[in-house]
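The values are calculated or read from the model by the stated rules, or taken from the named source; none is laboratory data. Just so it is clear, the model here is predicted, and its values are computed rather than measured. Using ideal geometry, Cβ is built from the backbone for each residue, glycine included, and neighbour counts are taken over all protein chains shown.
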Amino acid sequence: MNIKNSLLLGALSVVALTSCVNENIELDNVGKEKGALELNVDIIKPQSRAVSDVDYFPVVIYDAEGKQVASYESVSAVPSKITMNVGNYTVVSHTPGIISKKMSYPYYKGSKDVEILKGVTSAVNVLCKMQNSVITVGYNDEFKSVFASWEITLNDGSETALSFDNTSSSAPIYWYFGEEGAEELTVNFRGTTKEGSTVVARNTLTKDQADESYDDDRANFCGGDALALNFKPTESTDGKISSIVITADVTFTETNSNVNVVVVDKTNMDDPGTDPGTDPNPGDDKITLTIPAPVTLSADDAATADPSSGDVVMSAENGLKSIMVKVNSSSDEMMEQLGAVAEGYPGVDLVNGCEVVGNQNLVAFLGSLGKTITVPAEGDKNYTFPVGQFYLFLGILPGEHNFVMTVTDKEGNKKTGTVKVTITE
């Protein structure tokens, strides 16, 4: 049975000529041919989804040129009949407010074109579809008995990643993948067992990994999809945790059926004596990337903290070709500050991606903060990127700041890792 995760915003019917004109409508004077618009509200409740009360949805009507001709604070405030000029219009309604990347409730929106004809009854249905997706994370009892702490990030390819850790609420998150949706989702896991060992994993989810598919569903993860991530540790023959199994139960937009996406991490737990920060991401073993543990600093301590705590150590047997650094921040103000850096120092675009190799403007920018760094030349085999030299800059605004680093060697092999720096007030 197909489910249209949507709200049916009424039958908009042209029913008769009338002299009752809503004061919000600009009717372009006397002499124009008129019609009438009638709004009725019905709801089709999507299964396995939270539903908003459409009575509180604002309604806006635009003419063919995109000019607003009527607006109402809520569906319940719309009069039973609205006199309108003959012509073409678009009716829009949505959950109150503006959609944001991360929300605690579902956001619906829909629009429909309608033509008002003289003496003709017309009807149109406005379907308000869910624009964001509900995401939950679950851990079985075995997982909880093994791990003392953990961090999980879900990256959809946008500038903002969704993070969970052992202190996070179990409440669902409503996440906006954007108008086009997300082609793939990258799940990064880093956990510390109760014995003190570190387990790291990285997997990529796509819809085509599902054990069922539906012709009427979009190929990308999109609004209306429900994604439940579950994590389960697996043991090796010696009884130690050797890998993480990630299962993703997905309820697609157009159906009420759950399908299962299973990805098994192939990365073993770090052997004794191995730096637990070594990135185990799938990729050529000729590149090594050592990511430091997450750093949390108060704004007051950011200027004096040990910068070596943010060192990212890398090596490339074939020689370095590129080191791209991109910063995602939970603070919109920080993203604005980072964008301003690129205006003053061309090539230091930390919002969209900054090339480190050979970038003397990056040296100049950090020099303006009283920090001294060097950058590698193409072909160098070893380099340490000093995230800690950014602590002073990050300390101006509280938030979670993630440095996403992609290292490419001269043979085209790549490895990616993320350094998390949290600034508290």
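Can we say residue 322 is in a strand (DSSP E or B), of a type in the set (S, T, N, Q) and modelled with pLDDT of 50 or more? Spelling it out, residue 322 is indeed in a strand (DSSP E or B), of a type in the set (S, T, N, Q) and modelled with pLDDT of 50 or more.
Applying the condition of being surrounded by fewer than 19 Cβ atoms within 10 Å (Cβ to Cβ) and small (Gly, Ala, Ser) to the stretch 89-130 and asking which residue is farthest from residue 177 (Cα to Cα) yields 119.
Which pairs do you get when a residue that is closer than 16 Å to residue 320 by Cβ, found in the stretch 336-361, comes within reach of a residue that is assigned to a helix (DSSP H, G or I), reach meaning Cβ atoms under 8 angstrom, with the pair 6+ apart or on two chains? Here the result reads 354/362; 356/362, each pair linking the stretch 336-361 to a residue that is assigned to a helix (DSSP H, G or I).
In summary, residue 103 fulfils each of the numbered conditions (1) under 11 Å from the mean Cα position of the chain (by Cα); (2) closer than 30 Å to residue 88 by Cα with the single exception of condition (2). Taken together, 158, 133 contain a single residue that is surrounded by 19 or more Cβ atoms within 10 Å (Cβ to Cβ), of a type in the set (S, T, N, Q) and modelled with pLDDT under 90, which is 133.
Close Cβ contacts (under 6 Å, 6 or more residues apart or on different chains) running from residues in the stretch 88-99 that are within 15 Å of residue 75 (Cα to Cα) to residues that are small (Gly, Ala, Ser) and assigned to a strand (DSSP E or B) comprise 92/111. If I filter the stretch 326-345 for residues that are out of contact with any Lys or Arg (no Cβ under 8 Å at 6 or more places or on another chain) and under 18 Å from residue 384 (Cα atoms), do I get at least one hit? Checked against the condition, which is being out of contact with any Lys or Arg (no Cβ under 8 Å at 6 or more places or on another chain) and under 18 Å from residue 384 (Cα atoms), the stretch 326-345 yields at least one hit. When the stretch 355-374 is filtered for residues that are farther than 21 Å from residue 406 by Cα, assigned to a helix (DSSP H, G or I) and of a type in the set (A, V, I, L, M), only 364 remains.
Taking (1) in a strand (DSSP E or B); (2) surrounded by 19 or more Cβ atoms within 10 Å (Cβ to Cβ) in turn, residue 406 satisfies each apart from (2). Looking at the stretch 134-141, can you tell me whether even one residue there is over 30 Å from residue 92 (Cα atoms) and not in a strand (DSSP E or B)? Yes, that holds for at least one residue. Does residue 372 count as over 23 Å from residue 203 (Cα atoms), touching an Asp or Glu at 6+ places or on another chain (Cβ under 7 Å) and among the polar types (S, T, N, Q)? Considered against the rule, which asks whether it is over 23 Å from residue 203 (Cα atoms), touching an Asp or Glu at 6+ places or on another chain (Cβ under 7 Å) and among the polar types (S, T, N, Q), residue 372 comes out as no. Do we have residue 327 as in contact with a strand residue (DSSP E or B) (Cβ under 6 Å, 6 or more places away or on another chain), modelled with pLDDT under 85 and either surrounded by 17 or more Cβ atoms within 10 Å (Cβ to Cβ) or assigned to a loop (DSSP other than H, G, I, E, B) (or both) here? Judged against the criteria, residue 327 is not a match. Is there a residue being free of Cβ contacts under 8 Å to residues at least 40 places away in the same chain, assigned to a loop (DSSP other than H, G, I, E, B) and in contact with a helix residue (DSSP H, G or I) (Cβ under 7 Å, 6 or more places away or on another chain) anywhere in the stretch 393-401? Looking through the stretch 393-401, none of the residues is free of Cβ contacts under 8 Å to residues at least 40 places away in the same chain, assigned to a loop (DSSP other than H, G, I, E, B) and in contact with a helix residue (DSSP H, G or I) (Cβ under 7 Å, 6 or more places away or on another chain).
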